[in-house]
Amino acid sequence: MAKYMTQAMSFGLIAKVTYYRKQSSGHPTHTESGQFTTDAKDAYAQLHGIAAALVELGTYRSNQGVPSDGEEI
């Protein structure tokens, strides 16, 4: 079964969004996980028309299944 990286993004009272991406290996590298976090943060900021610097990062997790309410990036 494929494993995914997941991370929630939020800002104030705006709804939280959990993003996910398929991992390339059993344990993603720091480069891969860092790029995923940057991409998720940018996607959330663009979706809500806010600066990326304002986005609040949720907990990053690897080796997860696909979240039922997530957005793939």
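Annotations for the structure displayed:
- Wholly within the chain, strands (runs of 3 or more DSSP E) carrying at least 1 residues that are at pLDDT 95 or above: 4-11, 14-22, 56-64
- Residue that is nearest to the chain's Cα centre (by Cα) [pool: residues in the range 17-48 that are among the acidic types (Asp, Glu) and within 20 Å of residue 3 (Cβ to Cβ)]: 39
- Selection count where residues are over 18 Å from residue 68 (Cβ atoms), buried (at least 19 other Cβ atoms within 10 Å of the Cβ) and touching a residue at least 40 places away in the same chain (Cβ under 8 Å), scope the range 2-47: 1
The values are calculated or read from the model by the stated rules, or taken from the named source; none is laboratory data. Since the structure is predicted, the reported quantities are computational estimates derived from the model, not experimental observations. We place every Cβ from the backbone using ideal geometry, glycine too, and count neighbours over all the protein chains shown.
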